[in-house]
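What follows is a single structure, written as structure tokens, with notes after it.
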Amino acid sequence: MDFKFKQVKINLQLMDIIAQIETLKTQRKNLLSQVEPLSYETLGFIPKGSNNNILWNLGHILVVPQYHFYITNGHAPNVEPYYIQNYMSGSKPKATDIDKEYNAIKDALLPTLDVLQSDYKKGIFEVFKAFGDLDFETTLELLAKHEAGHIVKINNLLSLS
């Protein structure tokens, strides 16, 4: 492969990654505007038959990319370990200060995507592993679908509250 072709391929991949991250940011902005008017009681409400609440789903959306892009690749996450521990898969809602946790999660949802984009441009993910042998782009696509699934869960929880 000659240099010009390789450079065009790299530039197209970068543009695709940036477009995917921008889509995630738009998705998160829409989600934030949807949950912004909710009371802390609604954010923390766990309906009968459910394992979690809206706050847990928001926190989960925040921490899953931190785990798969940063922690599994030997980089420090961009959120406090507390949030990783309390919002990863298998955890249960246990927030005692919903106001504080909601504000921290809300304030981190968009900036962490900006950092992810910046870190990708810097090349810190050149050596990358997630979900076995998936590359960065495929992992990003998978996590976008994962977030969309949790947005559906949030909407379901809203219909039950």
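The values are calculated or read from the model by the stated rules, or taken from the named source; none is laboratory data. Since the structure is predicted, the reported quantities are computational estimates derived from the model, not experimental observations. Quick reminder, even Gly has a Cβ in these numbers, built from the backbone with ideal geometry, and neighbours come from all protein chains shown. Quick note on the areas: whole protein, heavy atoms, side chains included, nothing else; ligands and nucleic acids left out. Shrake-Rupley method; radii C 1.70, N 1.55, O 1.52, S 1.80 Å.
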Worksheet item: Could you say whether any residue in the range 20-27 is within 14 Å of ASN155 (Cα to Cα) and modelled with pLDDT of 90 or more?
Response: yes
Fill in: Among the residues listed as LYS48, LYS94, the single one being touching a helix residue (DSSP H, G or I) at 6+ places or on another chain (Cβ under 7 Å), part of a loop (DSSP other than H, G, I, E, B) and open to solvent by 70 Å² or more (accessible area, probe 1.4 Å)
LYS94
Worksheet item: Residues LEU160, LEU55, LEU109: which one is open to solvent by 70 Å² or more (accessible area, probe 1.4 Å), touching a residue at least 24 places away in the same chain (Cβ under 8 Å) and among the aliphatic types (A, V, I, L, M)?
Response: LEU160
Worksheet item: Looking at MET1, MET15, which is the one that is at pLDDT below 95, open to solvent by 70 Å² or more (accessible area, probe 1.4 Å) and assigned to a helix (DSSP H, G or I)?
Response: MET15
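Within the range 35-45, can you find the residues that are of a type in the set (A, V, I, L, M, F, W, C) and not in a helix (DSSP H, G or I)?
LEU38, PHE45
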Worksheet item: For the subset of the range 82-91 comprising residues that are at negative phi and over 15 Å from the mean Cα position of the chain (by Cα), which member is least open to solvent (accessible area, probe 1.4 Å)?
Response: SER91
Discussion item. Can you tell me which residue is least open to solvent (accessible area, probe 1.4 Å) among those in the range 112-157 that are outside any helix (DSSP H, G or I) and without any contact (Cβ under 8 Å) to a residue 24 or more places away in the chain?
Written reply: GLY123
